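Notes for the one structure printed next.
Derivation of every value follows stated rules applied to the coordinates shown; laboratory data play no part. All of these numbers come straight from a predicted model, not from anything done at the bench. Here the Cβ positions follow ideal geometry from the backbone for every residue, glycine too, while neighbour counts run over all protein chains shown.
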Amino acid sequence: MKYGEKIIKKFDPQKDLEIWENTAENDYAIYITLPEFVCFCPRSGYPDLATIFIAYVPNKFVIELKAIKLYINSFLNRKISHESAVNEIYSILYDKLKPKYLRVTGDFNPRGNVHTVVEIDSNIANKQNYDTKFIKPAQIRNFER
């Protein structure tokens, strides 16, 4: 087993998902795109591939980028539904970061002629009322150069 596989296999988000203090005084949005999400369908065993989009306004903490990469890669060997995967990512990040606002979107590649997008927003899930007019939806952001 290669070193990366070992790290991913034993990754525990409760203890290994590193967060850093947010030292900025201003509100600002952080956008993270993770285009290589892979898990397996718990029913069929077929691989499910997705791009995960994370948008958040930090409060006291920000996520360390290598840690979020390892966490997302830890789904590689798991059998989990689209909905459960996105809900878990949201819950882990919300509990660890306690952000002012958080949105997690899973845009799953079509399989069997079905394209699924699962989105969780803290204004809905946690009944917050954060003004999101300056936070762009994943669909209109374009990071290609």
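In region 15-29, of all residues being out of contact with any helix residue (DSSP H, G or I) (no Cβ under 7 Å at 6 or more places or on another chain) and surrounded by 15 or more Cβ atoms within 10 Å (Cβ to Cβ), the one that is farthest from Pro110 (Cα to Cα) corresponds to Asn22.
Of all the numbered requirements in (1) among the acidic types (Asp, Glu); (2) touching a residue at least 40 places away in the same chain (Cβ under 8 Å); (3) touching a helix residue (DSSP H, G or I) at 6+ places or on another chain (Cβ under 9 Å), Glu88 misses one, and that requirement is (2). Is it fair to say Lys10 is touching a Gly at 6+ places or on another chain (Cβ under 8 Å) and surrounded by fewer than 17 Cβ atoms within 10 Å (Cβ to Cβ)? No, not satisfied.
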